[in-house]
Amino acid sequence: MSDDDRSKIPDLIKIGSTQSDMSMEVDSDILDPVVSSDNFCRFVLNNKGFLHSFSAISIGLKATAATEQFLPYGIGVMALIERCALRVGQTTIAEIQDFGSYMAYRSVFNDTDTNIERETYLTSRGLAYDFNYLNGSGAKYSDVNASNFYLKTRREVDNIGDIPKLYTGDGEANSLPLDELETSAGSEFRIQLSQLFPFLQTNQLPLFMIDQQVSIELFFTPKASKKRVIESADASADVAEIDFNNIRMIADYIYYDGDIMEQYRNANRVMSFNYVDYRLNKRTLIATASNTDTFVGKKQILDVGGAGRIVSKVISGLYEDGMTNPNVSVLNVFQARCPKTINNNNQRVITNLRYNDHYLYPLDRDNYAIHFNDVIQSSGDVPHLPRQVYSNEGQGSLSAGAGFVAFNDQDIGEQDGTGLSGGLFFNCYRPNRNERINSRGLELEITYGGTTNFNAFETRNYTHKTWLEILRTATLDNGTFSQDFA
């Protein structure tokens with residue numbers, strides 16, 4: 001009704017929908033964790049204003065004696081977090097398990113400019129690729145003949161000294177991260193709450209309307225696992241510890257002038273939030289050098305759950321959890337492996353998704369270009385990945401030796417998990433019939449590699465991880481939060 005004051009109240013919690021002429025004030029609090037230990041901390045928010053989704057958690061590392069030791073270059077500071085949860089009272093609104101592995105997928109959508117100009121300093125994520133130009137004589141500063149590419153950083157070094165642009169004349173060049181990112185100097189980075197919880201990417205919590213305790217819990221990656229850092233050579237070097245004295249939350253609370261917030265409270269006694277949350281399914285797969293007890297070349301039928309739920313997307317990858325010394329890898333364990341290229345022949349990956357007694361695709365997907373396109377169509381964005389990094393195709397673009405560029409003294413062309421080759425191979429599926437999953441759940445069928453080349457993977461244990469993007473609904477009823485599945 002036109003004379004109803006409620007029709008004049010804007011939707012203040014939807015990001016981007018607030019009127020541009022409304023005055024707004026922001027109050028920032030620096031919060032210490034109320035509980036803190038070597039593997040866990042909890043923050044409790046003040047129930048005031050609207051929580052800005054770009055509020056951030058600051059995490060620092062203590063300085064170590066180890067040199068040229070950095071956070072994993074694919075996900076940066078996200079490697080420190082094993083699991084995160086957003087709770088209101090006793091209700092868990094959002095939670096992501098194996099957060100670092102999930103962020104390995106999310107981070108591939110960052111473009112090169114964003115990583116090198118911004119994320120390098122905020123989160124230590126730095127996967128930025130650039131062509132390595134040279135001419136026939138191997139001269140410097142050439143702008144022709146891009147025979148390969150390299151991992152670009154703010155600090156670039158060649159084999160004769162520090163110069164602005166790399167060249168590869170007589171030997172292998174080397175690219176190094178910034179000295180300020182080394183754990184020997186200590187560090188401090190920030191993670192936005194919207195990165196931790198997809199719920200906050202579209203909503204800002206009306207904290208002043210909630211009568212329960214709102215808390216954020218972080219579970220940290222164990223130091224002993226060596227899943228925190230990368231380093232050029234010394235696998236036994238001491239791993240940097242989290243500086244718990246410097247863990248802070250910078251909470252931004254938004255206020256609006258006049259009676260608008262009280263009017264908003266009175267007009268929205270009952271509110272509903274539709275959002276997506278993620279559920280993880282894991283399966284250990286073992287690779288051997290023969291046909292005995294190996295998953296290579298054999299169809300895996302994986303029951304990944306989802307029974308009774310509405311699933312909007314499925315994300316999967318084969319992770320390198322079985323590495324003995326993951327800290328000597330550029331990506332650490334936060335990488336989804338693709339089969340090796342053997343004798344210049346790529347090994348196929350064949351996959352399909354079965355649900356409600358039907359297959360998602362009428363024909364199995366067995367082409368890397370189609371796999372890549374499925375990621376684009378399912379995510380609505382394009383991964384910023386070279387072909388060799390995604391699928392091991394185009395071998396030679398990252399290889400070591402004269403004329404190529406190493407990173408942190410490491411060969412980023414290696415296929416054994418220490419380099420980038422085939423290290424970010426994700427599969428995505430989007431169920432397209434808008435149906436609730438029946439009691440049988442989702443069945444992911446996937447075959448890695450051929451039936452004869454059992455050395456398509458290093459001999460070690462792998463973990464196949466699948467995240468289900470599930471639709472959920474949260475309800476705020478007179479100050480009390482509850483949640484349920486859609």
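The requirement of being touching a Leu at 6+ places or on another chain (Cβ under 8 Å), in contact (Cβ under 8 Å) with a residue 12 or more places away in the chain and small (Gly, Ala, Ser) is not satisfied by GLY317. With respect to (1) within 28 Å of the chain's Cα centre (by Cα); (2) among the aliphatic types (A, V, I, L, M); (3) in a strand (DSSP E or B), the lone exception for LEU476 is condition (1). Residues in the range 441-473 that are assigned to a loop (DSSP other than H, G, I, E, B) and in contact with a Phe, Trp or Tyr (Cβ under 8 Å, 6 or more places away or on another chain) were compared, and the one that is surrounded by the fewest Cβ atoms within 10 Å (Cβ to Cβ) is GLY441.
Residues in the range 27-50 that are part of a strand (DSSP E or B) and in contact (Cβ under 8 Å) with a residue 12 or more places away in the chain: ASP27, SER28, ASP29, ILE30, LEU31, SER36, PHE40, CYS41, ARG42, PHE43, VAL44, PHE50.
Restricting attention to the range 372-417, the residues that are in contact (Cβ under 8 Å) with a residue 24 or more places away in the chain, under 19 Å from the mean Cα position of the chain (by Cα) and surrounded by fewer than 22 Cβ atoms within 10 Å (Cβ to Cβ) total 10. When each of PHE425, PHE404 is tested for being at pLDDT 85 or above and in contact with a Leu (Cβ under 8 Å, 6 or more places away or on another chain), the lone residue that passes is PHE425. Inspection of the range 82-95 identifies at least one residue that is small (Gly, Ala, Ser), surrounded by fewer than 18 Cβ atoms within 10 Å (Cβ to Cβ) and more than 18 Å from the chain's Cα centre (by Cα).
Within the range 453-473, the set of residues being of a type in the set (D, E, K, R) and in contact with a helix residue (DSSP H, G or I) (Cβ under 8 Å, 6 or more places away or on another chain) comprises just one member, LYS465. Scan the range 393-404 and tell me whether some residue there is part of a strand (DSSP E or B) and either under 24 Å from SER107 (Cα atoms) or of a type in the set (Gly, Ala, Ser) (or both). Checked against the condition, which is being part of a strand (DSSP E or B) and either under 24 Å from SER107 (Cα atoms) or of a type in the set (Gly, Ala, Ser) (or both), the range 393-404 yields no hits at all.
ASN39 falls short of the stated requirement of being in contact with a strand residue (DSSP E or B) (Cβ under 9 Å, 6 or more places away or on another chain), at pLDDT 90 or above, loosely packed, with under 15 Cβ neighbours inside 10 Å and not charged (D, E, K, R).
Only one entry in SER58, SER53 is in a strand (DSSP E or B), in contact with a helix residue (DSSP H, G or I) (Cβ under 9 Å, 6 or more places away or on another chain) and either free of Cβ contacts under 8 Å to residues at least 12 places away in the same chain or farther than 24 Å from GLY317 by Cβ (or both), namely SER58. Among the residues making up the range 269-291, those that are assigned to a loop (DSSP other than H, G, I, E, B), under 30 Å from THR451 (Cβ atoms) and out of contact with any Lys or Arg (no Cβ under 7 Å at 6 or more places or on another chain) are THR288, ALA289, SER290, ASN291.
Looking only at residues of the range 170-179 that are more than 22 Å from ASN327 (Cβ to Cβ) and surrounded by fewer than 19 Cβ atoms within 10 Å (Cβ to Cβ), we find that the one that is farthest from the chain's Cα centre (by Cα) is ASP170.
Scanning the range 279-333 for residues that are under 29 Å from TYR150 (Cβ atoms) and surrounded by fewer than 17 Cβ atoms within 10 Å (Cβ to Cβ) yields THR324, ASN325.
In the condition set (1) surrounded by fewer than 19 Cβ atoms within 10 Å (Cβ to Cβ); (2) farther than 30 Å from SER482 by Cα; (3) modelled with pLDDT under 90, ASN268 is compliant with all but (2). Of the residues making up the range 255-268, those that are touching a Leu at 6+ places or on another chain (Cβ under 9 Å) and not in a helix (DSSP H, G or I) are TYR256, ASN268.
Within the range 180-200, the only residue that satisfies the criterion of being under 17 Å from MET78 (Cβ atoms), surrounded by fewer than 21 Cβ atoms within 10 Å (Cβ to Cβ) and more than 15 Å from the chain's Cα centre (by Cα) is GLU188.
Counting only strands (runs of 3 or more DSSP E) that fall entirely inside the range 101-184 and contain at least 1 residues that are more than 26 Å from ALA336 (Cβ to Cβ), in contact with a helix residue (DSSP H, G or I) (Cβ under 8 Å, 6 or more places away or on another chain) and at pLDDT below 80, the qualifying elements are 155-158.
The values are calculated or read from the model by the stated rules, or taken from the named source; none is laboratory data. Computed from a prediction, not measured in an experiment: that's the story for all the values here. Please note: Cβ atoms are built from the backbone with ideal geometry, for glycine as well, and neighbour counts cover all protein chains shown.
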